[in-house]
Amino acid sequence: MIRGHIDFVSRTRVEGWIASDRLNLTGARVLAFVDEACIGGGTVDRFRQDLADAGLGDGVAGFRFPIAPEPWHDTRVLDVRLEGGSVLLKQGEACLAPRGAVGEDRKRQGRDPATLAWMRARGWLDQGHYEALRLLAEFGVYAQPLRFSAKALSEAARCDEAALAAADIVELHLLQPAELEIREDLGAADLLAIGQGLRAAFPHVAPVIGLWAERRREIDVVEGAHTSGAPLAAGGGIRHAFGGRDLLMLDLDGRFTLRDDGAFAAFVPARPGT
């Protein structure tokens, strides 16, 4: 008889256990599915004292592995299947909760380093995209050099090409096709409203945008504050530049201060269906 349980599911990982009275499942492969889409996999290789105390072999019956659901996947219906067999584990209870009431796993879809490494290993990300998402996840900011085409002779044309570069990263961050709005002549105060709008439009994904200007602008970013919520102390930020040939991707959940009052453009993912 095979028994098991899904103990925990978030937007980035799944945990549980599976054991058999007759078969040694240590090292067996388990896969996570939403409907018929495989969104992650791992092995039965974690020791758990509670399982050993319950007489389930030597207690090495646990699993924990990253998952990468699409934004439209409902992880309440996620199940775990034993690879090559007909056994599957379903969740006993599941419910929806508002964004502010859930933990960092739910808020930070796609940020977990193990998830990004898993996507890279499967060929879903090339090295450049992997580094972009990894640095955004770790520091809340990522700078990308721009290479304008020979046709980008005007400021408007260069702005359009910078927006395309930002869209490439944003789509991977959202794990879905996205249209970006180019919002021009912005100031620091505009970023608060943009962040609020993105949290409402994409509640399970961090609010990431691109920043660009024709002339160089500078911004101090408290790296890592997008996860800790640490306040910006005097001199506590790392200075980053954007504009010209530099695009800056910024997580608006972080703490940052623009160094001057110059206007800039922001590349903002549009609300789905608009």
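Against the condition modelled with pLDDT under 85, at positive phi, surrounded by fewer than 14 Cβ atoms within 10 Å (Cβ to Cβ) and not acidic (Asp, Glu), how does residue 84 come out, does it pass? So that I can check it myself, show each step before the final result.
On the way: modelled with pLDDT under 85: yes; at positive phi: yes; surrounded by fewer than 14 Cβ atoms within 10 Å (Cβ to Cβ): yes; not acidic (Asp, Glu): yes.
The answer is yes for residue 84.
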- Query: Does the stretch 129-144 contain any residue that is among the β-branched types (Val, Ile, Thr), assigned by TED's automatic domain parsing to the domain that holds residue 260 and either over 12 Å from residue 269 (Cα atoms) or touching a Gly at 6+ places or on another chain (Cβ under 6 Å) (or both)?
  - Reply: yes
- Query: Residues in the stretch 210-217: is at least one in the same structural domain as residue 161 (by TED's automatic domain parsing), surrounded by fewer than 20 Cβ atoms within 10 Å (Cβ to Cβ), touching a strand residue (DSSP E or B) at 6+ places or on another chain (Cβ under 8 Å) and basic (Lys, Arg)?
  - Reply: yes
- Only one residue in 171, 181 is of a type in the set (Asp, Glu) and either in contact with a Gly (Cβ under 8 Å, 6 or more places away or on another chain) or touching a residue at least 12 places away in the same chain (Cβ under 8 Å) (or both), so which one is that? 181
- If a residue has to be of a type in the set (S, T, N, Q) and in contact (Cβ under 8 Å) with a residue 40 or more places away in the chain to count, how many in the stretch 1-58 make the cut? 2
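For the stretch 50-80, name all the residues that are in a helix (DSSP H, G or I) and at pLDDT 90 or above. Break it down into steps so the answer makes sense when it comes.
Going residue by residue through the stretch 50-80, those that are in a helix (DSSP H, G or I) are 50-53, 75-77.
Of everything in the stretch 50-80, nothing turns out to be in a helix (DSSP H, G or I) and at pLDDT 90 or above.
The values are calculated or read from the model by the stated rules, or taken from the named source; none is laboratory data. It should be emphasised that the depicted structure is a prediction, and the values quoted were computed from it without experimental measurement. Reconstructed Cβ throughout: ideal geometry from the backbone, glycine too, with neighbour counts over all protein chains shown.
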